[in-house]
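The values are calculated or read from the model by the stated rules, or taken from the named source; none is laboratory data. Given the structure is predicted, the values throughout are model-derived calculations rather than measurements. Here the Cβ positions follow ideal geometry from the backbone for every residue, glycine too, while neighbour counts run over all protein chains shown. Ligands, DNA and RNA are excluded from the accessible area calculation, which covers all protein heavy atoms including side chains. Shrake-Rupley method; radii C 1.70, N 1.55, O 1.52, S 1.80 Å.
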Amino acid sequence: MYYINENIKDLYRVKFHDNREGVLRLDMNENPGGLPEKVFRRVMEKITPEYLATYPQKDRLMEAIAKHDALLYENISVTAGSDEAMRLIFQCFAKAGGKVVTVAPTFEMYDVYAKMFGMQHVMVEYHDDFTVDVNDICKEIDTQTNIVVLLNPNSPIGTVYQDNEIEEIIRKAQEMGAVVVIDEAYHYFYKKSAISLVKKYDNLMVLRTFSKLFSMAGLRIGYVAGCEQLISYIENAESTFNVNNVAILFALEVIRDSDLEKKLKKTERKGRQWLLKKLEKKKYICYAGEGNYILVKPVKPSAEVVAELKEKGIWIRDYKKGVLSGWIRISTGAKKYMKQFWEAFLEVERS
């Protein structure tokens, strides 16, 4: 009988087989409108048969990202989405039997990777008022801890950590010999970032993605920032050509276009504020943090709301356990998409 890694053998994974074309996708925090058509066309004109036949070269993109984030080329590694960066971090820094410390709820893949690499996953729970005690996080960081993960803003709630709280956690992890991951998938919807701290702390890595604000979830591209030593370990673990040429070209276009970044931010913010006002006017219990999503407590059971909206071609998600039990989450975008959701949502709630 062939060998099978026991950590993989019975690992539960959620698979996504639904056709996502032709529906209003408000369930995974994608940009429902995508990039502006003129930006899309501008990049597509640069894609030639020769370009596609050439193995990818990431150097120009890494240099552009480093300039954008006021870092050095050596501080950046481009990955196939921030998801690949997560896996590489676990490959490099996870020890079987060691601990990974996160909050709960958080992005589900951190639990998957903890199980995949045979780690203990310690989760510090959010309170009912959507707060989490940083002291409780620090208490869980000990000499058995390999990795500490914070999403800032947090997904799926949208709360953020203060600068002093982040540094307190980084220092505690440093004392215990652990690395810290600040996942900034939703950084562009929030004014602050921890990315400059990679120049101060040698145990910190910050993750970014082009999937959310920059609307390229289908291209699978992101990056990890850290000190030169940490990034060298990540590069050692990467496959030779881990990011495709088309993704690199689009990423280069958007990272250099500060006007586009501002426009995308403004469009999402206006849509989010419009929907929030509608919800508040109807006296819904809702929570809008610093990400491109709003949490809402519907009148009807959340599972029914999700199912009935799906029949109308609008996809959102709900939660069945923990502090978010009974809540729904709506990804936010341009006002026209929020209006489409709102009208359908009212029909479902009234039916």
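Based on alpha carbons, the Rg and Dmax found for region 1-84 are 19.2, 56 Å. Estimated from helices alone, the mean residue ellipticity of the chain at 222 nm is -12000 deg cm²/dmol (sum of -39500 (n - 2.57) over DSSP H runs with n ≥ 4, per residue). Between LYS283, LYS297, LYS310, the residue with the greatest mean-square fluctuation in the GNM of the chain (Cα pairs under 10 Å linked by springs) is LYS283. Considering only GLU228, GLU268, GLU280, the mean-square fluctuation computed in a Gaussian network model of the chain, springs between alpha carbons under 10 angstrom, is largest for GLU280. Dipole of the chain computed with +1 at Lys/Arg Cβ and -1 at Asp/Glu Cβ about the Cα centre; of GLN229, ASN7, VAL181, farthest Cα towards the positive end is VAL181.
Please enumerate, by chain and number, the lysines with C-alpha under 28 Å from the C-alpha of LYS15, excluding those fewer than 8 residues away in the same chain. Qualifying lysines at Cα under 28 Å: LYS95, LYS99, LYS115, LYS212, LYS297, LYS300, LYS310, LYS312, LYS320, LYS321. Model label sites at LYS139 and GLU63, defined 7 Å from Cα along the beta-carbon direction, differ in position by 5.1 nm.
The string of couplings for region 213-226 from the Karplus curve (6.51, -1.76, 1.60, θ = phi - 60°) is 4, 7, 6, 10, 4, x, 8, 6, 8, x, 7, 10, 10, x Hz, one whole number per residue in order, with x for Gly and Pro. Normalising the average separation of contacting C-alpha pairs (under 8 angstrom, six or more residues apart) by the number of residues puts the relative contact order of region 123-169 at 33 percent. A Förster distance of 45 Å, applied to the separation of the beta-carbon atoms of LYS283 and SER196, puts the FRET efficiency at 0.60.
For LYS283, the aspartates and glutamates whose Cα falls under 15 Å of its own Cα, not counting residues fewer than eight places away in the same chain, are GLU349. Computed over the chain with a Gaussian network model linking Cα atoms closer than 10 Å, the most mobile of ILE47, ILE166, ILE182 is ILE47. Taken about its Cα centre, region 208-324 carries a charge dipole of about 1040 debye when Lys and Arg each add +1 at the Cβ and Asp and Glu each add -1 at the Cβ. Work out the P(r) tail for the chain: percent of alpha carbon pairs separated by more than 25 Å, whole number. The share of Cα pairs beyond 25 Å in the chain comes to 55 percent. Computed on protein heavy atoms with a 1.4 Å probe, the accessible areas place VAL101, VAL132 in the order VAL132, VAL101, largest first.
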